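A short worksheet on the structure shown next.
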Amino acid sequence: LLKKNIMIGTAVVDMYAKCGVLEKAQAVFDELPRHNVVSWTALLAGYAQLGETESALDLFNGMVSKGIVPDVVTFLVLLSSCSHAGHVEEGKRLFNDMENVYGLRPTLEHYACMVDLFCRAGHFEKAMVVIEKVPPSDCVQLWLDLLGACRKWLNVELGRWAFEKAIEIDG
């Protein structure tokens with residue numbers, strides 16, 4: 001049944017991947033009669049969830065080389081993984097490619113991943129540039145994320161400013 005129905009097969013890939021059983025997720029994926037963006041993303045999300053960012057990026061490159069066009073969920077998984085792994089340059093490249101190569105418009109969640117990516121690396125100026133691209137009514141949480149990073153990095157001055165921006169918007 002798994003070999004005939006891509007939806008059921010993808011659900012099984014997703015289940016194994018979310019449970020951290022990547023060998024089985026990969027085996028079921030390999031048995032699928034064809035692959036789509038959902039099945040690829042389910043598998044690479046499993047690698048990303050376990051912190052295997054390099055494997056997730058390799059899978060992404062394999063997906064693209066086979067002509068599968070990534071979607072916004074694929075990029076959300078990859079950006080989050082890059083953020084947690086500290087892959088700043090790779091995250092920046094993926095974020096730019098999302099719109100410039102694949103024509104996908106970033107959502108608030110993508111911007112949040114980029115703020116997180118830059119904040120974790122201590123690149124506050126870059127995080128603020130990202131926040132400024134988001135409509136003010138949508139960016140309270142982004143300012144609060146920056147505030148949290150300021151706490152971690154002991155940047156009191158910027159933290160105070162980020163807090164004031166969040167209060168100004170939430171108001």
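The values are calculated or read from the model by the stated rules, or taken from the named source; none is laboratory data. Since this is a predicted model, take the numbers as computed values, not measurements. So basically every Cβ, Gly included, is an ideal-geometry build from the backbone, and we count neighbours across all protein chains shown. Quick note on the areas: whole protein, heavy atoms, side chains included, nothing else; ligands and nucleic acids left out. Shrake-Rupley method; radii C 1.70, N 1.55, O 1.52, S 1.80 Å.
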Here the residues within segment 17-37 that are under 18 Å from Val73 (Cβ atoms), part of a helix (DSSP H, G or I) and touching a residue at least 24 places away in the same chain (Cβ under 8 Å) are Ala17, Lys18, Val37
Report task. Output yes when any residue across segment 152-168 is touching an Asp or Glu at 6+ places or on another chain (Cβ under 7 Å), assigned to a helix (DSSP H, G or I) and either among the polar types (S, T, N, Q) or open to solvent by less than 80 Å² (accessible area, probe 1.4 Å) (or both), and no when none is. Result -> no
Checked segment 1-14 for anything in a helix (DSSP H, G or I) and over 22 Å from Val72 (Cβ atoms); matches are Ile8, Gly9, Val12
Within segment 51-85, restricting to residues that are within 26 Å of Val21 (Cβ to Cβ) and not in a helix (DSSP H, G or I), the one that is most open to solvent (accessible area, probe 1.4 Å) is Lys66
Of the residues in segment 117-151, those that are under 20 Å from Ala85 (Cα atoms), open to solvent by less than 30 Å² (accessible area, probe 1.4 Å) and not aliphatic (A, V, I, L, M) come to Phe118, Cys119, Gly122, Phe124, Cys150
